[in-house]
Each structure stands twice: as C-alpha cells, then as structure tokens.
Number of protein chains: 4
Amino acid sequence: MTDPQQLSDFLASEFPQSRCTLLSLGPRSATLKHAVTEADLRPGGTVSGPTLMALADVALYAAILGEIGIVPLAVTTSFSINFMRKPRADRDLIGECQLMKVGRSLAVGEVSLYSEGESEPVAHAVGTYAIPPQR
Amino acid sequence: MTDPQQLSDFLASEFPQSRCTLLSLGPRSATLKHAVTEADLRPGGTVSGPTLMALADVALYAAILGEIGIVPLAVTTSFSINFMRKPRADRDLIGECQLMKVGRSLAVGEVSLYSEGESEPVAHAVGTYAIPPQR
Amino acid sequence: MTDPQQLSDFLASEFPQSRCTLLSLGPRSATLKHAVTEADLRPGGTVSGPTLMALADVALYAAILGEIGIVPLAVTTSFSINFMRKPRADRDLIGECQLMKVGRSLAVGEVSLYSEGESEPVAHAVGTYAIPPQR
Amino acid sequence: MTDPQQLSDFLASEFPQSRCTLLSLGPRSATLKHAVTEADLRPGGTVSGPTLMALADVALYAAILGEIGIVPLAVTTSFSINFMRKPRADRDLIGECQLMKVGRSLAVGEVSLYSEGESEPVAHAVGTYAIPPQR
C-alpha cells in the first residue's frame, strides 16, 4: 500500500493551491480535511457547492492512489453529489472516502462530507475514476 | 425576465473570486465563460475536474436566476457530471446551460462544457436547484 | 416506526407484479430481496440493469416509508446508479438501503446491491424522494 | 451504420419481454417507444420510475449499437435520471437518445423521455456504457 507521507507530499505538489490535507489512509479508504476560508463561503453563511465537490474529488483520488500507488494519470470519468444539509461556515470540512471497487481500468468510491465535529453528513458523493492501463 | 447586466453584477458581487463571466442569457438558458489560469491546470496539461464542476454550477445558477429573478437563496440539491474529453489547457471554458424544468420549488437543468472554439463537449452536467418558497 | 408486516402488505398491494420482498426494516434502513427469474436475465448470463434499478428504487421507497409511515405519494425525484460487478444469474438479488437524510420535504438514501451470498456489491445507487407536504 | 431493421430484430430477440420498439435511428441518436400497460402504472395514475429507467437504458443501448454495430456485450456502467413531471397513464412513452461521446471503450449519452404528444419531458437520463475491446 502507498505510504501516507508520500501521498501527502504528492498531493501537495500536484495541487499547490489546495487547502486539503490527508488525515488518514486505510484499506480502500482515505479521510481528508479542507480548511474552510472566506473564499469558500457563500452569502447566507455557508460553504459553496464547488468547495464540497473539490474536496470529494480529491478524497476519491487519494483513496485510489492509496490502493494502486501514485499514478498521476488517473482521471475522473463521472461524479455525482447530493447536498443534504447546510455546512457550517465556521468549521473545516471532512471528507471520508470508501472505495467500492478498484478494478483494472475503473475505480468507484463514495465520499461522505461533514462539517468537522458534526455527526450528520452535509453531502454525499459518488465518483468513478479511469485508471491508466500501463502501470 | 432578469436583466443580463443586473445578473452579471450580482454574480460578480456574490462570487468575487470567480473568473466566470456571463456571455448571454436566453429563455431558460445561459452561457458563461471561465477564464482558465495556471491555478486550474493539472499535471498533463489539462483543466481540473473541480474547475469544470464550478463553471457548470454557476451556469445553472445563472440560468435559474435568469428565469425566476435574482433570488440569492436558491441552493444546489444534486449535481452530476460526466467527463468526456480532455479540456485544452490553452483555451478558456464555455458552459452552455439549458433548463429542462423551472417549477415552484425545484429547477432542473443541463450544462454542456466546451474548450472555447471546439465543437465536441469536454463534459456534461445535470443539476437540480431548490428554489426558496417565499418569493 | 412503521410495522414491517404492514409495509410488506402495502408493497405487495402497490406493486403486485414485483418479485421484491422485505427482509428487514431498521432505523433509517431496509433490506429487500428480489427473486431473479428468466425474465431478468440478459444474454451472457447476467441480470439486467433495469432489474437492479427497480430493486434499488423499491428499497429506497421501503426505507422511507419505514421512517415516515405509509405515505403512498412519495415520488422519486432523482436516481443514480453505478454498476460495478456482473451479477450472478443463479442467485437472487439483495438490496440494502441506508437513508442519509429524512427531511420534511426530501429524503436521500443509498442502496448497495448484492448477488445473494456474495460480499462485494454488484451495484450502488443513490436516490432522492420528494415527500408530500400534507402528512 | 447499423441497419434499423436488423437492430429492431436484435432488440426484440435480446429483450423478448420488452414493450419497446425502435421508431428511428440517426447519427449518434435513436428514438424508441414504450407501450404503457397496466403493469407499468402506479397508484395515483402515473407510470413507475423503473419503467422510465428501462426505456432510457434501452434507448442508450440502441443508439450505441446504431453507431458501433450490433455488439451484444456493451454494458451500462453508470446511469442517472431526474424525474421532472408526472407521466400520463394513458399515453405511451417516447425516449429520444442523443450520444455525446462514442469512444473506443466508453460511450456517453442522454435521453429525454416524453409522454407521447407532450412537449415537455417527464424525465431526463444520462448513461455511460462500456464497449468491449475486441470488436
């Protein structure tokens, strides 16, 4: 399995603007945190949809690289998300990804997104990644 | 129908960090452009998935506000996207939204995303927005 | 909470052609079985996609009625599914639904679908239901 | 391009229980009709969600086979649908599929579903199909 520190370093170099950090890496799973800032907020005091989507996408990517090794050319092929509760403006976001399939050419996973410290998810995403053949 | 200039001003004030501009507003439709910069790029010379998602989300929002007036509390409830072709790193992105339903409480629309000047879409999104009851 | 036997009877009367039976009902959850027959099979010896979709849809409906009581007018508003493994032609299908939100007007849940006796899901669905206001 | 009569015959033999017929086949597109019967109806006088999903799935399959030839092993990998209006119980359903991508290994298309004779769609689906490599 991929070394968590190596994956953290890779994510930091590949996404220099990102405010996502890897909290933990497990079997077919990864947990990330996104540090919420003013730039993520929408009027009404909530976190924007695209901020949640970006965290879910990185969480899927991290969990997949955790399984298959650091293969920078894996790409998202489909992504869907349901928004369920208003995220808190004053909390960071946590994304917990669990992969449901890691095949030769396709990986599928789900991500539950939380305002840190809350028990009910603010959103739930499912994404599929294409894995490059030559690895 | 909503005045395009008013909507442009509203989007600029509500999303000050956004690099999306409204190109046109029509019946149940809106076209937006996102100015691609270094921050949007991924290794391999392509535009990141979350950049495409953010443009699609704003295009849906713009088309809905074009129909129902400037109601800042409309929120995304679900969003799905399929990535079909690699976007060009050296082109801006165009998002063309067409609404399929504008009901009292829910609006549904689709967005085709293009690298500017190309004829085949790089991605296609469908989103639903909840419309606040008291308007 | 809804009585499981009442819910079984209701599902049998509302879906007389269905071969789905309720196995169990829990807090925000329901498990159903679909008896696979010739009519569900596709060439190549697998179960058809629409058969899986129908089971997932009924599992969501059952879990929601388990929470809110037997409200026949709840309707699906969106549904998405990822197919991950080939279902076995010689096994029944199991659908395990877990609700992620049961709000006043909207419920959201996920369903994992299995060939009976297998540990890895053949498909995973997420659906949203609109709940009628006057209950 | 695939011959429409051959495709009709193939669909009839592969889906003997189906009540879908191919109305027309065009470039990257197909239109199908589903004959609505009692078995498709839900209490409240509407057509069931799974009936709509099954028509959309077959419409995607038909449009893809129209492009790539009759390759029986193409399989759905993901499918999403939004339900927008109540279908009429006394009308057949029409599914109009337009493909957005037909690649070597993946095809992506959208389907608008109508109650026959109505101008506004009752539902809209997007699906992806994996195309077998050896053809």
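The figures follow:
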quantity: Average beta carbon contacts from partner chains per residue of B:4-15, 10 Å cutoff; calculated: 1
quantity: Nonlocal amide H pairs with C:Thr77, under 5 Å, H built at 1.01 Å; calculated: C:Thr128, C:Tyr129, C:Ala130
quantity: Point-to-point label distance, C:Leu41-B:Met1, nm (Cα→Cβ direction, 7 Å offset); calculated: 5.5 nm
quantity: Accessible surface buried upon D-B contact (total; probe 1.4 Å; Å², nearest 100); calculated: 1200 Å²
quantity: Rounded to 10°, Cα long-axis angle of helix D:49-68 versus longest principal axis of chain D; calculated: 30 degrees
quantity: Averaged over C:70-79, number of beta-carbon atoms from partner chains that fall within 10 Å; calculated: 6
quantity: Efficiency of FRET between B:Glu120 and A:Ser119 - r from beta-carbon atoms, R0 51 angstrom, step 0.05; calculated: 0.70
quantity: Most positive-pole-ward Cα, C:Ala89, C:Ala12, C:Gly49, against dipole of chain C from beta carbon charges; calculated: C:Gly49
quantity: Stokes-Einstein diffusion coefficient of the protein assembly as shown, Kirkwood radius over Cα pairs, 37 °C, 0.692 mPa s, in µm²/s; calculated: 139 µm²/s
quantity: Relative contact order of chain B, defined on C-alpha pairs under 8 angstrom at six or more residues apart (%); calculated: 26 percent
quantity: Inter-part distance where segment C:1-78 and segment D:85-135 are each reduced to a Cα centre, Å; calculated: 24 Å
quantity: In order through segment B:18-24: 3J(HN,Hα) via Karplus (6.51 cos²θ - 1.76 cosθ + 1.60), integer Hz, x for Gly, Pro; calculated: 5, 10, 9, 10, 7, 8, 7
quantity: Backbone HN-Hα couplings from phi across segment D:89-96 [Karplus 6.51/-1.76/1.60, Hz, Gly and Pro as x]; calculated: 6, 9, 10, 6, 10, 10, x, 10
quantity: Nearest-first distances (nm) between copies at B:Val71, label 7 Å from Cα via Cβ; calculated: 2.1, 4.5, 4.5
quantity: Surface share of carbon and sulfur [accessible, 1.4 angstrom probe, percent] for chain D; calculated: 51 percent
quantity: Chain C Cβ-axis minimum, rotational copy D, residue and distance in Å; calculated: C:Ser80, 2
quantity: Net lengthening on full extension, C:Ser24/C:Val75 (0.36 nm per residue, minus Cα-Cα); calculated: 16.2 nm
quantity: Label distances, nm, C:Ser13 versus same residue in remaining copies, Cβ-directed 7 Å point; calculated: 4.5, 5.6, 6.7
quantity: Peptide B:102-112, shielding by other chains (average Cβ, 10 Å cutoff); calculated: 3
quantity: MRE, 222 nm, helices only [DSSP H, n ≥ 4, -39500 (n - 2.57), over chain A, to nearest 500]; calculated: -7500 deg cm²/dmol
quantity: If the convex hull is drawn through the Cα atoms of segment C:4-130, its volume per residue in Å³; calculated: 96 Å³
quantity: Protection-proxy order for peptides C:104-110, D:93-99, each taking the mean of Cβ atoms within 10 Å per residue, highest first; calculated: D:93-99, C:104-110
quantity: For chain D, accessible area per residue (1.4 Å probe, heavy atoms of protein chains only), Å²; calculated: 40 Å²
quantity: On Cα atoms only, tilt of A:4-14 relative to the major axis of chain A in degrees; calculated: 70 degrees
quantity: Ascending list, in nanometres, of distances separating the C:Lys86 label from those of the other copies (7 Å, Cα toward Cβ); calculated: 3.2, 4.3, 5.0
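The values are calculated or read from the model by the stated rules, or taken from the named source; none is laboratory data. On a predicted model such as this, the values are computed, not experimentally measured, just so you know. All Cβ positions, glycine included, derive from the backbone under ideal geometry; neighbour counts span all protein chains shown. Accessible surface areas use protein heavy atoms only, side chains included; no ligands, DNA or RNA. Shrake-Rupley method; radii C 1.70, N 1.55, O 1.52, S 1.80 Å.
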